[in-house]
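Remarks on the structure that follows.
The values are calculated or read from the model by the stated rules, or taken from the named source; none is laboratory data. Since this is a predicted model, take the numbers as computed values, not measurements. Heads up, the Cβs are rebuilt from the backbone with ideal geometry, glycines too, and the neighbour counts pull from every protein chain shown.
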Amino acid sequence: MKRKEKEKSAGFVVVRQRGSSWEVLGLRVWGKIDIPKGHLDAGESNLEAAIRECYEEARIAIDPSKDMKWGTTSYVCERPHKDVTIFIAMTDQEPEIGMNPETKKFEHDGYHWLTWDEMKRRCYPYLASAISWSQHVVEGGS
């Protein structure tokens, strides 16, 4: 019996600096907090999908040459039915919740700028390890 290939998704942990601390963008959905992410379209790379999804869901335009100061290093959240590749981007843009261009529906009902700890506590559990990884990278790890 042939095993079904896992779905592939990609997205960003989006951060901004406020004084000496960092804030993480959380998109509110069904009482939980998510990050801008979604499926890969045909022929799309993980990074291309993450950039597209970030714009579609939060109207934040990521320019890899200036907004990805930590490079294109990524973290993969492995789930039973899909793998989600996560990148890190920094912005000074304010999000705007966007409507999905395919379904014409809103996937999120708001956003918050959160501390690392708030984000880890409020996000979907499978994303917590990606948030911890992002914090380590942003705050001086590798």
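Residues in region 50-109 that are in a loop (DSSP other than H, G, I, E, B), loosely packed, with under 11 Cβ neighbours inside 10 Å and among the small types (Gly, Ala, Ser): 1 in all. All conditions in (1) of a type outside the set (Ser, Thr, Tyr); (2) at pLDDT 95 or above; (3) closer than 20 Å to Ser134 by Cα hold for Glu44, with the sole exception of (3). Checking each residue in region 121-142 for being in contact with a helix residue (DSSP H, G or I) (Cβ under 9 Å, 6 or more places away or on another chain), among the hydroxyl-bearing types (Ser, Thr, Tyr) and not in a helix (DSSP H, G or I) picks out only Ser142.
Applying the set (1) modelled with pLDDT of 95 or more; (2) among the charged types (D, E, K, R); (3) in a loop (DSSP other than H, G, I, E, B) to Glu118 leaves exactly one unmet item: (3). When you look at Trp113, is it part of a loop (DSSP other than H, G, I, E, B), under 16 Å from Gln135 (Cβ atoms) and under 15 Å from the mean Cα position of the chain (by Cα), yes or no? Against the criterion (part of a loop (DSSP other than H, G, I, E, B), under 16 Å from Gln135 (Cβ atoms) and under 15 Å from the mean Cα position of the chain (by Cα)), Trp113 does not qualify.
The single residue among Thr73, Thr115 that is over 14 Å from Trp22 (Cα atoms), touching a residue at least 60 places away in the same chain (Cβ under 8 Å) and among the hydroxyl-bearing types (Ser, Thr, Tyr) turns out to be Thr73.
When region 40-49 is limited to residues that are over 23 Å from Val137 (Cα atoms) and among the charged types (D, E, K, R), the one that is surrounded by the fewest Cβ atoms within 10 Å (Cβ to Cβ) turns out to be Asp41. A search for C-beta distances below 8 Å between a residue of region 123-142 that is surrounded by 14 or more Cβ atoms within 10 Å (Cβ to Cβ) and any residue that is of a type in the set (Gly, Ala, Ser) and at pLDDT 95 or above, counting only pairs 6+ apart in sequence or on different chains, returns Cys123/Gly26.
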